[in-house]
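Worksheet for the structure shown next.
Laboratory data are not the source of any read-out in this text; all were calculated from the coordinates shown. Keep in mind that this is a model prediction, so the values were computed, not measured. For neighbour counting, all protein chains shown are included, and Cβ atoms are generated from backbone atoms with ideal geometry for every residue, glycine included.
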Amino acid sequence: MLLIEANRTVPVDELIDRVWGTRRLPRRPRGAVQHSVTLLRRALASAQDVTIAWRSTGYQLTCDPSAVDVRRFRSLLGSARATGDDELAAATFEQALELWRGEPFTGLDTPWISSLRRTLIHQRQAARLDLTDIQLRRGLHTALLADLRDWAEDDPLDERLAGQYMLALYRSGRQARALEHYAHVRRCLAEQMGADPGPLLQRLHRQILTADQALVTPAAVPHAAPRSGPTPPPVTPVACTLPADLTGFAGRGTQVREIIAKATEAAHTGRMVAVHAVDGMPGVGKTALAVHVGHLVADLFPDRQLFVDLHAHTAGRQPTEPADALGVLLAADGLDPRDLPEGLEERAAMWRDRMAGKRALLILDNAAGSDQVAPLLPGAAGSLVLITSRRHLGDLPAAVDTVSLATLHPDEAQQMFLRLAPRAASEPARVGELVAMCGHLPLAISLLARLFTKHRAWSMGDLIAETAARLLVVTAENHTVGAAFDLSYRHLTADRQRVFRHLGLHSGVDIDTYAAAALTGLPHHEVVAHLDALQGDHLVNEHAFRRYRMHDLIREYARVLAAADPAGEREQAVERLLDYYQHTAARADTRLARLSRPTVTPVPAVPAAAPELRTRDEARRWLNDERGNLLAYIEKAAERRPARMAALTAAVASYLRAEGPWSLASDLHRAAVDATARSGDRCGHVIAMTDLAGILCLMGDHPGATDLLREARDICREAGDRRGEAHALHELGVVRTLTGCHAAANRMLRQALDLHREVGERLDQASDLHILGVVGWLSADYGGARVLLWQALDIYREIGDRHGEAVALTDFGTLRLLTGDTSGADVDLSRALAICRQVGDRLGQANALVALATARWRGGDRPGATTMLRQALGIYREIGDRRGQAAALNRLGVVRSLSGDLREAAELLRRALEIHRRIGDRDGEAETLNNTGSLSLTCGDPAQARLHHGAALRLARAIPNRLEEARALEGDGRAAEALGERDTAARLLRQALTVYERIGAPEAGRLAPELDTQSAYTWTRATPPCREAGPEDDGAREVSWAGVRRTFRMG
């Protein structure tokens, strides 16, 4: 194998794959390779100029290429085909065929050897047919008859061979036998292939029937006549071998402009060889771009415009040897093939010499790698070289500009299709749909356009239906998308082919190296190497660090290949991947959860490799990256693996709670509740119900959440599950808090706290204390709330829970606002916001922004407050938090009112009130009614203000909410005074003062002096109803931002 790959480094992994193939590997395969190389060195010790050396990744055998018969055979074939002299070509073909000594590699049967054997046999057959064509042209038909008869009997389906035999028979005067053989071939094709002879054989048949003079035999040439006579005329150089430009070429404007600019510089200055390597996936249009640019710049390079196909991915052919390619190039430049040097280095030197001083364009298409291309590069300045390859060519010796092609932009893809199939112009929407089905891949678009043109009766709807059914195999003539991919796939090692097929089993949007290791069952470092190699072959795309995507058509191709693998192997691969996702998502969930999470079933197998996710930020980033994959597998598991679906849903519960959208989360949790109920999984059912209740609570469906939590509590209590019962009680306490049932909330949360202390869950204890603190300040027990929130904050900091610390700081800052400590609140809330941004907690950011905006507008920074509130509102809308939206709208209404924009303020408050009522948020409704009443008074409508404050007062007393009760009394008193009802106003204001003093609200310090000095009425008269209040008025007309208290982490 080292001889076959002479002068090229063969990686050890490639040697192992080629030597052992699918057979069982030795215990230490690398050691076995090393031992074999040692023995080979000894065997070749006496050979001159042959060395085996270790390179960075493998072994390289260095020798004269002509000393290896395979290399010599291929070199001779290239030389024979490059010459225009039939006599010399025939002699060269005969020399090549004389190298054969029976079947190659007899006794060896690894997949790689078998593939190479088939290729060599095919090349020998092709050479024999080429030689036969030359001999027929030279009039040697009679001498060929016996061999042609034997060959035709052995292979009756080879139409080229059949045509040669028929022509030899006809020229030998045996017309009837020639026609009889045609009938025999046609019969064989029909019986075995269901096909008729091709057009070339049919034409030959007609020519024989009509005795076409074109078939008349030329004068015979003696078979072994020596070359004699005058020197043949010189070979005429070839000026241009570029293929025709494509009429449907579209897009690539940036790449075309860049290459033309470099080409212009190279042609005009003569100071450089411009080399551009165009790489990309199969079918992306690399050759089309190179040929298109070649035609655009051809006038800049008048001496030569040469195109050479290097056949890296050509069906039935091995990649062209560099020496053979140089033979073609030198012949095109006018070299007599008889003067062609034998060795690669000599040919390369001659090529560089002949190109010196010329302005030439060289397109090297379909390159296998840098080693194949490097000898073909001109040495002198003034030329342009365009190279196309499916691989990234990173080892070229010259300075190379890499042009990596992606699929076309959707508009460019439509433009390409319409250029090739203009009758579709009346249906642009259907064209857009079709090219999207093609993944905007030029090869697929071209095939379908030609197919549409071929079938004139088809509509675009017919073409779309045909495409949906069989895009990979659809053909306009003799090319398919799948065949293009197959050429790349066949060049992969067996292990890499397996990795590629397994990637086709992946249902997600992309894959990282850990997931790929789980899917393939390979060690992590090995799968990284395979993915890097597939990236180099453009079969996958590394769109982010160690994250890979497949084009949709390549993914479908891989999936089709994988379908041929044993079903058990495919099932095991998917199960390994599901285990990995469930295990890692559950690990991430523990970093995000505000309560400890129970273990769910089925318990996944621990993957051999997985990210550590040591911090909340790492967990959040991983979940952000894997979101699409996790949701895809939850949906996929719902079909056949309901237990797995429920487990995966539970593993992303905390993430969906934080990131939303909550409508999606509720749908997933409902499905998990149903699945666990059907399967009888008690633990999983409780988890699913609790998770669903938390989302419903966030969405404002408090009755639905309450029913689920009561059922979960009862199930856990009956089963003796203390931790599950405590979780359910905690969530019930949250629901009661949000619905204004403060006494019930306090009772349930203290029960949960006792149980959590019993089972020793510190995180859960902190959460209980935290919500108890919120209930405390909602009930106007500011001193008790401060103690409880400090206790929660201490535990969060003790266990290193940055997220819990941020949420507690938000609520502690809110408490400071309620007690008049605006500067202290600003400090706490700014710290909370910074932490939320660091850990990626979007809901926490929104809550902190709402509370911090309060501190800012109290300090006179209304524009800053407005900006913060609008940012918070945007986040709430993105994640589906209606309660948060209402709170932000309420605050915006207050700020806009203070800024004088009364119409906008009224609309904002109306929308906030509507949401509060829809979700049953009584605290929020009472606060918004009070704010609306204050706005009505500002707008000069005290009667309407009294109605709003009266409604707020009744609701606040029913909750009870003492702060909003006091605000309602004060607002009603101010409105009564504006109506001239001074006695009523005084009574209401003194009632408000009493409540303020009882709960320790800072508003008492403002209102008491007014009443003591009998100046309350004067204050009201001094404030014109519609003037814009300045910062100095904010204290007098301040509305309590108690709604901030509903932005704590709920459920």
Name the residue from Tyr580, Gly369, Pro442 whose Cα lies farthest towards the positive end of the charge dipole of the chain, charges +1 on Cβ of Lys and Arg and -1 on Cβ of Asp and Glu. Tyr580
Computed on alpha carbon atoms, what radius of gyration and Dmax characterise the stretch 584-665, expressed in Å? 12.2, 35
Please work out how much length the chain gains when fully extended from Arg8 to His35, using 0.36 nm per residue of separation minus the C-alpha to C-alpha distance, in nm with one decimal. 7.7 nm
For the stretch 808-884 and the stretch 629-687, what is the centre-to-centre distance using only Cα atoms, to the nearest Å? 32 Å
Which of the peptides 120-129, 359-368 is most tightly packed, and how do the rest follow, going by the mean number of other Cβ atoms within 10 Å of each residue? 359-368, 120-129
Here the alpha-carbon Rg of the stretch 10-63 over 2.2 N^0.38 Å rounds to 1.19
Between Glu542 and Asp154, what is the label-to-label distance in nm when each label sits 7 Å out along the Cα-to-Cβ direction? 4.8 nm
R0 of 51 Å, Cβ-Cβ distance Asp212-Ser46: FRET efficiency to nearest 0.05: 0.25
Can you pull the Kirkwood radius for the stretch 264-415, inverse mean 1/r over Cα pairs, to one decimal in Å? 15.9 Å
Can you give the relative contact order of the chain as a percent, counting alpha carbon pairs under 8 Å and 6+ residues apart? 6 percent
Set the Förster radius R0 to 41 Å, insert the Cβ-Cβ distance between Trp790 and Glu571 as r into 1/(1 + (r/R0)^6), and round the FRET efficiency to 0.05. 0.15
Please compute the Kirkwood hydrodynamic radius of the chain from all pairs of different C-alpha atoms, in Å with one decimal. 35.7 Å
Helix-derived mean residue ellipticity, 222 nm - over the chain, DSSP H n ≥ 4, -39500 (n - 2.57), to 500: -20500 deg cm²/dmol
With angles folded into 0 to 90 degrees, how steeply does helix 199-209 sit against the dominant principal axis of the chain? Use alpha carbons for both and round to 10. 30 degrees
Ranked from highest to lowest mean number of other Cβ atoms within 10 Å per residue, what is the order of the peptides 719-729, 150-160? 719-729, 150-160
Additional length obtainable on full extension of the chain from Gln95 to Ala958, 0.36 nm per residue less Cα span: 300.0 nm
Around Val995, under 12 Å between beta carbons, what's the net of Lys plus Arg minus Asp minus Glu among the other residues? 0
Label-point separation in nm, Arg614 to Arg456, each point 7 Å along Cα→Cβ: 7.2 nm
So how far apart, in nm, are the two label points at Asp371 and Leu242 if each is 7 Å from Cα heading toward Cβ? 3.3 nm
Find out how many positive minus negative residues lie around Leu364, taking Lys and Arg as positive, Asp and Glu as negative, among other residues whose Cβ is under 14 Å from that of Leu364. -2
Where does the Debye-calculated log10 I(q)/I(0) of the stretch 668-797 sit at q = 0.13, 0.18 Å⁻¹, using only Cα point scatterers of equal weight, no solvent? -0.53, -0.95
Taking 0.36 nm per residue of separation and subtracting the Cα-Cα distance, what length does fully extending Arg903 through Thr254 add? 228.6 nm
Of 425-438, 951-964, 450-463, ordering from highest average Cβ density within 10 Å down gives 951-964, 425-438, 450-463
Where both partners of a DSSP beta bridge lie in the chain, what percent of those bridges are antiparallel, to the nearest 5? 30 percent
